[in-house]
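Asker: The structure under discussion is supplied below as structure tokens; questions concerning it will follow.
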Amino acid sequence: MLNAGVLGAGHLGKIHLKLLNQSTKYNLVGFYDADRAASRKIEEEFGYKSFQTMEALIDACDVVDVVTPTIHHFFCAEKVVTAGKHLFIEKPITHTVEEAEKLLQLAEKHNVKGQVGHVERFNPAFMGVKDMMENPMFIEAHRLAEFNPRGTDVSVVLDLMIHDIDAILSVVQSKVKNVYASGVSVISETPDIANARIEFENGCVANLTASRISMKKMRKARFFQRDAYISVDFLEKKVEVVKMKDAPKDPDDFAMILTNAEGIKKQIYFDNPDIHANNAILDELESFADAINNNTTPVVSLAQGTQALTVAMQVIENFKML
């Protein structure tokens, strides 16, 4: 078991503390939060050890889980990595691309592993169909949330859209060529609703919409590729896979057959995999323990977290404010 500690004990930090405490792959040594009154309350209520300084917590750990506000990510992560400790860090990896690139260099220099908390990679719906995605050429994603002041310290792109950016980058094996974006500020100082069109060098196009002022929640993505359509509902954890193959000469009575303008007949069939319920946050944390113990590359590496942040920043930089 790896000795683990948490930096930041806010809403998400408390969830991480609970799951690390439950995990059979970690030994939770405690946490540090700059809010001493809140720390004492958490210590009394849950029994987790509260460390007096960040440095004391880091010294006691093999792995440090950084769940602070994004603006403090690099400050905390730098201390973790330079101390030679493995780093799990919530998304987005850092506040700026420059910080992310520096963190990458530090992790390599100090020979430590790092994983970024892009939790949708561990969503059972996405995991169930990811291996079916073969060269998708058009992708459409909608991530809509009700207004929550807790998330407005960052742009809706870094708060919500970056989940879909990371997921898409993990299945499109091509470099980003162009990014176009528009956004509207309704309540916050930064855009509350945004749309981005990401074009890849191989011709794939991804159209992403994110909103934090919607009346209902939605987290869906649709992937179109040759002879297949794959729909992923991240919220309901459901998938729909529609595939086409050359129609047999003698199809049965219940076969769905389409004939295109050239007279080519295709049979439509459903290939929906079984989706197994999981705790995605626990799975991402435990997958990082496996990467450390087996000396393998983490599922969401620091390099991939940096790539997602880079594209997210391109979206923000290319905003046409409406």
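The values are calculated or read from the model by the stated rules, or taken from the named source; none is laboratory data. These numbers were taken from a predicted model, which means no experiment stands behind them. Note that each Cβ is placed from the backbone with ideal geometry, even for glycine, and that neighbours are counted across all protein chains shown. Each accessible area value is taken on the protein alone, full model and side chains, heavy atoms only, with ligands, DNA and RNA left out. Shrake-Rupley method; radii C 1.70, N 1.55, O 1.52, S 1.80 Å.
Asker: Shape call for region 167-308 from the C-alpha gyration tensor, a ≥ b ≥ c root eigenvalues: rounded (a/c under 1.5), prolate (a/b greater than b/c) or oblate?
Answerer: Details: a/c = 1.86, a/b = 1.41, b/c = 1.32.
Note, shape of region 167-308 comes out prolate.
Asker: While we're looking at this one, here's another question. Report the local net charge at Lys175: Lys and Arg +1, Asp and Glu -1, summed over other residues whose C-beta lies under 12 Å from its C-beta. Don't skip to the end; give the middle numbers.
Answerer: Values: positive: Lys177; negative: Glu199, Glu201.
Surrounding charge for Lys175 is -1.
Asker: What is the sum of charges around Glu98, taking Lys and Arg as +1, Asp and Glu as -1, for the other residues whose C-beta is under 15 Å from the C-beta of Glu98? The partial results should precede the final answer.
Answerer: Values: positive: Lys102; negative: Glu78, Glu99, Glu101, Glu317.
Combined, the nearby Lys, Arg, Asp and Glu give -3.
Asker: Another one. Could you tell me what % of all Cα pairs in region 68-171 have separations over 21 Å? Please list the in-between numbers first.
Answerer: Values: 2409 of 5356 pairs.
Percentage above 21 Å: 45.
Asker: Work from the charge dipole of the chain (Cβ charges, +1 for Lys and Arg, -1 for Asp and Glu, about the Cα centre) and give the residue of Met161, Val64, Gly183 farthest towards its positive end.
Answerer: Gly183
Asker: Oh, and also: Could you give the distance between the Cα centres of region 186-206 and region 86-131, to the whole Å?
Answerer: 21
Asker: Is region 1-64 best put as rounded, prolate or oblate by its Cα gyration tensor, with a ≥ b ≥ c the root eigenvalues, rounded for a/c under 1.5, and otherwise prolate when a/b is larger than b/c, oblate when not?
Answerer: Taking the square roots of the gyration eigenvalues as a ≥ b ≥ c, region 1-64 is oblate.
Asker: Under the rule of -39500 (n - 2.57) per DSSP H run of 4 or more residues, summed and divided by the residues of the chain, what mean residue ellipticity at 222 nm is obtained, to the nearest 500 deg cm²/dmol? Don't jump to the answer; show the numbers that get you there.
Answerer: Numbers: 9 runs with 99 residues, N = 322.
Computed ellipticity for the chain at 222 nm equals -9500 deg cm²/dmol.
Asker: Run through the DSSP bridge list for the chain and note the antiparallel percent, rounded to the nearest 5. Let's see the in-between values first.
Answerer: Values: 44 of 73 bridges.
Approximately 60 percent, going by the DSSP bridge assignments.
Asker: Just to check I understand the Karplus step: with θ = phi - 60° and J = 6.51 cos²θ - 1.76 cosθ + 1.60, what whole-Hz values come out for region 183-194, glycine and proline as x?
Answerer: Karplus-based 3J(HN,Hα) across region 183-194 equals x, 10, 8, 10, 10, 8, 6, 10, x, 9, 9, 9 Hz.
Asker: Let a ≥ b ≥ c be the square roots of the eigenvalues of the Cα gyration tensor of region 199-247; is it rounded (a/c under 1.5), or, if not, prolate (a/b larger than b/c) or oblate? Present the calculation step by step, with values, prior to reporting the outcome.
Answerer: Details: a/c = 4.05, a/b = 1.45, b/c = 2.80.
Oblate.
Asker: Hey, in the GNM for the chain with a 10 angstrom Cα cutoff, which one of Ala38, Ala83, Ala228 fluctuates hardest?
Answerer: Looking only at Ala38, Ala83, Ala228, the biggest GNM fluctuation is shown by Ala38.
Asker: Taking only protein heavy atoms and a 1.4 Å probe, what accessible area per residue, in Å², does region 227-322 have with all protein chains in place?
Answerer: So region 227-322 comes to 60 Å² accessible per residue, rounded to a whole number.
Asker: Could you quote the convex hull projected area for region 1-110, Cα atoms only and averaged over all directions, in nm²? If you can, show how the numbers build up before the last one.
Answerer: Values: hull surface 25.0 nm².
Averaging across all directions leaves 6.2 nm² for the Cα convex hull.
Asker: Now for a different question. Could you please state how large a percent of the accessible area of the chain is carbon and sulfur, counting protein chains only and using a 1.4 Å probe? Kindly include the intermediate steps, with their values, before the conclusion.
Answerer: On the way: 7900 of 15960 Å².
Ligands and nucleic acids excluded, carbon and sulfur give 50 percent.
Asker: Another question about this same structure. Residue by residue, what Karplus-based ³J(HN,Hα) values in Hz, rounded to whole numbers, does region 216-231 have, using 6.51, -1.76 and 1.60 with θ = phi - 60° and x for Gly and Pro?
Answerer: After applying 6.51 cos²θ - 1.76 cosθ + 1.60, I find 9, 8, 8, 9, 10, 9, 10, 10, 10, 9, 4, 6, 7, 10, 10, 10 Hz.
Asker: Any idea what the dipole of the chain comes to, in debye rounded to 20, about its Cα centre with Lys/Arg Cβ at +1 and Asp/Glu Cβ at -1? Walk me through the intermediate numbers first.
Answerer: On the way: 35 positive and 44 negative charges, 53 e Å.
In debye, rounded to 20, the chain gives about 260.
Asker: What's the ranking of 43-56, 132-145, 291-304 by average number of surrounding C-beta atoms within 10 Å, highest first?
Answerer: Working: 43-56: 13.7, 132-145: 18.5, 291-304: 16.7.
The peptides rank, most packed first, as 132-145, 291-304, 43-56.
Asker: Quick one: dipole size for region 11-80, taken about the Cα centre, charges +1 on Lys/Arg Cβ and -1 on Asp/Glu Cβ, in debye to the nearest 20. Please list the in-between numbers first.
Answerer: Numbers: 8 positive and 10 negative charges, 40 e Å.
For region 11-80, the charge dipole is close to 200 debye.
Asker: I'd like to check one number: the per residue accessible area of region 17-134, probe 1.4 Å, reported in Å² as a whole number.
Answerer: Working: 5360 Å² over 118 residues.
That works out to 45 Å² per residue.
Asker: Would you list which lysines come within 26 Å of Lys175, measuring only between C-alpha atoms, while excluding same-chain residues fewer than 8 positions from it?
Answerer: Candidates past the 8-residue exclusion: Lys91, Lys102, Lys113, Lys130, Lys220, Lys320.
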